[in-house]
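The values are calculated or read from the model by the stated rules, or taken from the named source; none is laboratory data. Just so we're clear, the structure is a prediction, and the values are computed from it rather than from any experiment. Note: ideal-geometry Cβ built from the backbone for every residue, glycine included; neighbour counts use all protein chains shown. Side chains included, ligands, DNA and RNA excluded: accessible areas come from the protein's heavy atoms. Shrake-Rupley method; radii C 1.70, N 1.55, O 1.52, S 1.80 Å.
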Amino acid sequence: MTTFWLCRLLRLCLLWLVATAFTSAVSAQLALPGTKAVVTTDQVRAELMAYAPQGVVAGQPLWLGLQLKHQPGWHTYWKNSGDSGLPTQLEWSLPLGVQAGEIAWPLPKILPLGNVINYGYEGTVLLPVPLSLTNDFRPTPLARQLSVKLRASWLVCRTECIPEEGEFALDIPLQGSTAIHRAAFDSALAAQPRPLPPSSNSHAKIAGEILEIGVHGLPPNLQGRQLEAFPELAEVINPSAPWQQAWQGDLWTARLPLAEQRSNSPATLTLVITHQDQGWRAELPVRGEWPKAATRAAVSPALQAALESNSAQLERQVPTTFLAALLGALLGGLVLNLMPCVFPVLAIKVMSFTRHAEDRRAHRISGLSYTVGVISSFMALGLLMLSLRALGESLGWGFQLQNPLIVSALAVLFMVIGLNLAGLFEFGQFVPSSLASMQARHPVLDSFLTGVLAVAVASPCTAPFMGVSLGLAITLPTFQALLIFATLGLGLSLPFLAASFIPALATLLPRPGAWMQTFRQLLAFPMFMTVIWMVWVLGHQNGVDGAGALLSLLLTLSAVLWSFTLAGRLRVFMTSAMLLVLGLGIWGLGSYLLPNAGPTVQATDPAGPTNIRWQPWSPGRVEQLTAQGQIVFVDFTAAWCVTCQFNKQTTLADVNLLADFDAKRVTMLRADWTRRDPAISAALSQLGRSGVPVYVFYKQGVAPVVMSEILTVSDVRSALNRL
C-alpha cells in the first residue's frame, strides 16, 4: 500500500516538473531541435540563429544569421578580406519556396598585421541573412516548423590561419514569435552602412595607378575628420599602400592606389566609408579607362590543401569525440550512485530487495523496470531541454531545480516519504482496505516510478562527472544527443540492474527479519536530510521568507498526516482543523514559493556575506577586467549543486590557494545559477558546458582555461602558475 500511494505522489511531482518547465515557452509552439545549431573550435564558437518576431509569414521580418565569437586575438574576414584572408562562406539548404538573400555584412574593421592590412571582425559578430517566401512555399497542414540547414566555412587567423567549417541545422516555429536573439540581430542590422543618395558630385576617376574619388552627401559633422574607406569588391585597391584624403567643403575626396595584382575593373565602385562605429555606402560611377588587369588569383594550392585536410580531420574527430562522450556518460552515471542526492531513493529499492530476497523473478522485473524508468526519464529531460532550446530558451542541465515550485514539490514528497518510513502513519490508513492489494498488482509501475524519482533528484548532480559530455550533447544531432542521455541513465541504473540479474550479488543481502523495521526507520533520516537540502536551495532562490514559508507548510502537512492516525471523533475534528490550517497556509504563504517571488539574499561565499573577496559575475565583466590586464577566476555555481558546495568549502576556501590568488591579484567572480539566468546559461554554452560546477581562468590573449569539476588545490595552483 505504501508503494501504491507513493506512485500517486510521484505522478504529482512529475506534473509539477512538466508544467513549470513549459511555462516559459507558452508563447511559442514546441519544435524539435535540428541537427545542431552550435559548432565550437579552439578559436571560434559559431552559432546559427533565427529571428522571426511575427513567425514565418510572407512580408514579415525573417532572418537567419551565423554568429562568430572569436577567442581573444583571433579574427575572421569581411566580404573583401583586404591583403589576405578569405570571407566567410554560407551555403544554405532550404525548403521549396524559401530563398536566402546575401549576407548583410556589418561594418568591418582594419586588422593590421605588420605591413599587411586586412578587413574583418574580432570579438563577436553576427552575419545576418534575410529569407523571403515565394508562392511555392506551401507547408503541409501538420507542419509546425521551417527546417533550414547551413554549411559554413571561415578562415580564422591570429599570426597563423586555420580554415574551419561546420554544418548547422535549425527548426523555426511557423507560428508564434522567434525573437530570443532580437538584441543580436538589432545590433548587427544597426551596424549596416547607410546608403548615400546618388549625387552628380560623387564620382570615381582613374588617374594612372591612382583611383581618385569624391563623395558628396556625408553628414556635416564629419567634415574635417579622417575617415576609412573599404571597397566592397576585392583586388581593386591596395589596402596596405598609403593613401591621401581631404575635404573640399562638403565633398570628401581620396586618392587610393590601385592593387598591383588587380583583377577587377568595375564600372561602378561600391565603397563603404566609416567613422568610428558609423558607416555609409556609396555607389560611384567610374570614369576613365582601367589599366590592364592581372589574372585573377585563385585559392593557393597550399590553402586548398589545408581546407581539404581540415575537413577530413573534422570527419575523423566527430566519431571519436562522440564515443568519448558516451563513455563519459556511462562512467558519470555509475559514479552518480555514490552521490548523497541519490541515496534516499535507492534506499527504497533496497527495502524491496530485502522483502523479496528469494524471489529472483521479481528482482529481475524490478531491475528492468527501474532501468527503463531511469533511462526514459533522462531521455525525456534531454528532449525537453533540447526542444526548449530550439525555441530560444536558455536552459541548462539541472534546470528543474531552478524553479522554486519544483523544489517545494520535491521537499513535500520527501517529507511525506520520511514520515512514512519513520512510522508516523501508514498509507493504508487513508484508503479503504479494498485498495490495499493494488500495491502487489503494480510492482512494475512501482519500480518504474522509483527510477523516475531517482532522475528527478539526481540530474543536478550529474554535471560534475560528465560536464563535457552534456555540453557536447546539446550541439549534437537529436538522436546522438538522446543516446548520450540514455547512456547516462544506463550508468545510473547499472548497479541495481546487475544485482537483480546476478544471484550472487542478491544473496549478499541479509534475510528478512525484525531488523527491517529498524532499518526502515533509519532510512527516514536521509529523507529528512534531503528535505533540509531542498529548503536550503529554496532559501537561495526566494530568500529567508521563502524557506520559512516552506518550513511552515511542511510542519502543517506533518500535522495533517498525524491527524489521520487518530481515531473516532477526535480524528474527524483534528483532521478538519489541520486541513483548514493547511489551506490557509497555502493561501497566505504560497506566493513565497513562486518563481521570482522577490529579491533574494545570497550567501554563497563560505566566509559569509561580509566577505568581499568574491564579486558577483555579470555579462561583460570578465572582458572589462581582462582588458585591464587582470587575471579573472570565475566560479559557476548553484545552491542545489552538491559538488559546488563541497568545492566551495574545501578547495576554494584553502588559505594557501587564496594567498596565491592574492599574490597574482586574481579577481574572483561568482556566477550564481541557483535561479534561472539566461546570461549565465549563455556563458556556460560558450564554454561547451550545460551544467555546474564550472571553474574558469580568464586572461587577455589566452584561451579560457576550464578546470575539472572535481576541483583540487594542486590543479588550480598549476593552472594559475601557467598564466
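Each residue of segment 626-635 in turn: what ³J(HN,Hα) in whole Hz from Karplus with 6.51, -1.76, 1.60 and θ = phi - 60°, glycine and Pro shown as x?
5, 5, 8, x, 8, 8, 10, 10, 10, 9
So between R613 and I586, what do we pick up on full extension, going 0.36 nm a residue minus the alpha carbon distance?
Contour length minus the Cα-Cα distance gives 5.8 nm.
Can you spot the lysines whose alpha carbon is less than 29 Å from K69's alpha carbon? Ignore those fewer than 8 places along the same chain.
Here the lysines satisfying the reach criterion relative to K69 are K36, K79, K109, K149, K664, K699.
Report the full-extension gain for the segment N135 to R717: residue separation times 0.36 nm, less the Cα-Cα distance, to one decimal in nm.
203.2 nm
List every residue whose amide H lies under 5 Å from the amide H of D83, counting only residues 5 or more places away in sequence or on a different chain, with H placed 1.01 Å from N in the peptide plane.
I117, N118, Y119
Using unit Cβ charges (K, R positive; D, E negative) and no other charged atoms, how large, in debye to the nearest 20, is the dipole of segment 95-236 about its Cα centre?
Approximately 480 debye in magnitude.
Kindly state, to the nearest 0.05, the FRET efficiency for Q649 paired with V116, given R0 = 60 Å and r defined as their beta-carbon distance.
About 0.70, to the nearest 0.05.
Find how much the distance from L424 to L96 grows on full extension, using 0.36 nm per residue of separation minus their present alpha carbon separation; answer in nm with one decimal.
My answer for the length gained is 111.5 nm.
With label points built 7 Å along Cα→Cβ from the Cα atoms of N201 and Q60, find their separation and express it in nm.
Inter-label distance under the simple model: 4.4 nm.
For I586, what accessible area in Å² do you get when you roll a 1.4 Å probe over the heavy atoms of the protein chains, rounding to the nearest 10?
100
Which shape class applies to segment 80-236: rounded if a/c is under 1.5, otherwise prolate when a/b exceeds b/c and oblate if not, where a ≥ b ≥ c are the square roots of the Cα gyration tensor eigenvalues? Please report the intermediate quantities before stating the final value.
Details: a/c = 2.30, a/b = 1.64, b/c = 1.41.
Judged from the Cα gyration tensor, segment 80-236 comes out prolate (a/c at least 1.5, a/b above b/c).
Using R₀ = 56 Å, calculate the FRET efficiency as 1/(1 + (r/R₀)^6) where r is the Cβ-Cβ separation of Q630 and W247; round to 0.05.
0.85
Give the calculated FRET efficiency between I710 and A663 to the nearest 0.05, with a Förster radius of 25 Å applied to their Cβ-Cβ distance.
For R0 = 25 Å, the calculated efficiency reads 0.50.
Using only the heavy atoms of the protein chains and a 1.4 Å probe, how would W290, W562 rank by accessible area, largest first?
Most to least solvent-accessible, the answer reads W562, W290.
Quick one: which residues, 5+ away or cross-chain, put their amide H under 5 Å from the amide H of Q615? H built at 1.01 Å from N.
Under 5 Å from the amide H of Q615 lie the amide H atoms of M668, L669, R670, each far enough along the sequence or on another chain.
Under a plain spin-label model, where a point goes 7 Å from the Cα along Cα-to-Cβ, how far apart in nm are L522 and R182?
5.8
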